[in-house]
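Student: Let me give you the structure first, and then I'll get to my questions.
FYI, it's all coordinate maths here, none of it is from the lab. Since we're looking at a predicted model, the values are computed, not measured. Quick reminder, even Gly has a Cβ in these numbers, built from the backbone with ideal geometry, and neighbours come from all protein chains shown.
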Amino acid sequence: MIESVHFKNFKALRDATLPLGRFTLIIGPNGSGKSTALKGIQATSRPESHFYLQSVTASKRGMDEETIEIIFDLTYGNVKVARQVCWRSDNSPPQVRYSGEMPTFADIDTALARTRIYSLNPQAIAASVTLNPYTEIGEDGSGLVSVLDRLRDENPERFEALNEALGRWLPEFDRILFSTPQQGMRAFSLRTREGRYSIAAADISQGTLLALALMTLAYLPDPPAVVCLEEPDRGIHPRLLRDVQDALYRLSYPEGIDDDRQPVQVIATTHSPYLLDLYRDHPEEIVIAHKEGLDVRFDRLSEQPYIDELLHGSQLGEIWYSGILGGVPTRI
């Protein structure tokens, strides 16, 4: 598991450390480095696909001998490991270095290569696709129907459990159905509980499509090792936020539902006080992003002074919006 990530000269993150747990929810104003942190985590998973000039902090452009560094402090098994990725101004290939007592680091590289950032798009989720046995859910939600089709064929128990979850989240529907709009293509629809009508994906509400994609991620037998989610609550009705929280916890804590797969490290961002309220009893899972001039700072909510007194009898979302905790937009 990634315990923390230190960023140096990576876009808006000139010198910042992001603490992480199995599940982490990052809050903060626009431009406070939340999305940048997720992109930095992804950059270290495929360092050769990122380049110095596209990623260096603006104030460092044109300076010789400057570097971008992203350092992961990890726990792998019972061993503490540091993994450093460095990009140099001469555009030489990125360097990956490890420190720690392990015979090989290939397993860590393999696991981190399965890092995905999801910023879900309803149109991409609804699109029909060419069938492919190796399709994953794209970072915009594309390919969902192919993943669902494979889940039905290869893991029918999980597919049935997903249909049951669909009925709990969205009681107006009771089942995912498939169709073949043309040879080699697959599309999906949802069946209404009343009347058993088939509603094509293109005619389903955006919030329902977003919810289905999140549900599907939670029921996969082999989800990515690290899942980053940009505002998983966006476009979803507030009454479903508890279900969203349950889906995210299902990924991070499979032992809690007697699932024998490996835990997924989940990092999500939000601007929603309603979603934040659900984590009132878990302040250690909340990280506040502060923007101070050109610098960004990340702090765990649980480490804020007087946090117990502040939370007593109050809604966490209201406290955050008040500005007491920081991490909110400021006006000059």
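Student: If r is the Cβ-Cβ distance from residue 92 to residue 58 and R0 is 25 Å, what FRET efficiency results, to the nearest 0.05?
Tutor: 0.70
Student: I need the semi-axes of the equivalent ellipsoid of the chain: take the C-alpha gyration tensor, multiply each eigenvalue by 5, square-root it, list largest first in whole angstrom. If you can, show how the numbers build up before the last one.
Tutor: Details: eigenvalues 239, 130, 73 Å².
With the √(5λ) rule applied to the chain, the semi-axes are 35, 25, 19 Å.
Student: Another question, then. Counting other beta carbons within 10 Å of each Cβ, put 231, 164 in order, fewest first.
Tutor: With the sparsest Cβ surroundings first, the list reads 164, 231.
Student: Right, something else. Excluding residues on the same chain fewer than 8 positions from residue 291, give the aspartates and glutamates whose Cα lies under 13 Å from its Cα.
Tutor: Partners within reach: 15, 299.
Student: Which semi-axes, in whole Å and largest first, does the equivalent ellipsoid of region 120-222 have when worked out from the alpha carbon gyration tensor as the square roots of 5 times its eigenvalues?
Tutor: Equivalent ellipsoid of region 120-222: 18, 15, 14 Å, largest first.
Student: Next up: Fully extended, how many nm does the chain gain between residue 292 and residue 67 (0.36 nm per residue separation, minus their Cα-Cα distance)?
Tutor: 78.8 nm
Student: Looking only at 131, 311, 301, which one moves most when the chain is put into a Gaussian network model with springs between Cα atoms under 10 Å?
Tutor: Most flexible of the set in this elastic network: 311.
Student: Now, a different point. What do you get for chymotrypsin sites (Phe, Trp or Tyr not before Pro) in region 113-175 restricted to DSSP loop and a cutoff of at most 10 other Cβ within 10 Å of the site's Cβ?
Tutor: For chymotrypsin sites (Phe, Trp or Tyr not before Pro) across region 113-175 that sit outside H, G, I, E and B with at most 10 neighbouring Cβ atoms in 10 Å, the list reads 134.
Student: Quick one: give the max-minus-min coordinate of the C-alpha atoms of region 242-332 along each principal axis, largest first, in Å.
Tutor: 51, 34, 21
Student: Taking 0.36 nm per intervening residue step and subtracting the Cα-Cα distance, what contour gain separates residue 168 from residue 99 on full extension?
Tutor: Computed gain between residue 168 and residue 99 is 20.2 nm.
Student: A further question follows. Hey, got the dipole for the chain? About the Cα centre, +1 on K and R Cβ, -1 on D and E Cβ, debye to the nearest 20? Don't skip to the answer; put the middle values down first.
Tutor: Details: 34 positive and 46 negative charges, 161 e Å.
With Lys and Arg at +1 and Asp and Glu at -1, about 780 debye.
Student: Sticking with this one: Under 16 Å between alpha carbons, and skipping anything fewer than 8 positions from residue 11 in its own chain: which aspartates and glutamates qualify?
Tutor: 66, 69, 292, 295
Student: Now, a different point. Treat each spin label as a single point 7 Å out from the Cα along the C-beta direction, and report the residue 178 to residue 253 distance in nm.
Tutor: 3.4
Student: Using the Cα centre of region 120-222 as origin and beta-carbon charges of +1 (Lys, Arg) and -1 (Asp, Glu), tell me which of 205, 195, 221 is placed farthest towards the positive end of the dipole.
Tutor: Working it through, the farthest residue towards the positive pole turns out to be 195.
Student: At a 10 Å Cβ-Cβ cut-off, how would you order 189, 128, fewest neighbours first?
Tutor: Arranged by neighbour count, lowest to highest, 189, 128 become 128, 189.
Student: Tell me, 70, 257, 204 in order of fewest to most beta-carbon neighbours within 10 Å?
Tutor: In order of increasing Cβ crowding within 10 Å: 257, 204, 70.
Student: Here's another thing I want to ask about it. Would you calculate the separation in nanometres between label points at residue 80 and residue 199, each defined as 7 Å from the Cα along the Cα-to-beta-carbon direction?
Tutor: Reported label-point gap for residue 80 and residue 199 is 5.2 nm.
Student: Over the alpha carbons of region 142-277, what is the largest minus smallest coordinate on each principal axis, giving the biggest first in Å?
Tutor: Result, largest extent first: 41, 31, 24 Å.
Student: Related question: Rounded to the nearest 10 degrees, what's the angle between the helix 34-45 long axis and the longest principal axis of the chain, both from Cα atoms, 0 to 90?
Tutor: Taking the Cα atoms of the chain, the angle to 34-45 is about 90 degrees.
Student: Still on this structure, please answer the following. Taking the Cα-to-Cβ direction at residue 306 and at residue 280 and moving 7 Å from each Cα, how far apart do the two end points lie in nm?
Tutor: 1.9
Student: Relative to the compact globular guide of 2.2 N^0.38 Å, what is the alpha carbon radius of gyration of region 79-177, as a ratio?
Tutor: The reported ratio for this selection is 1.57.
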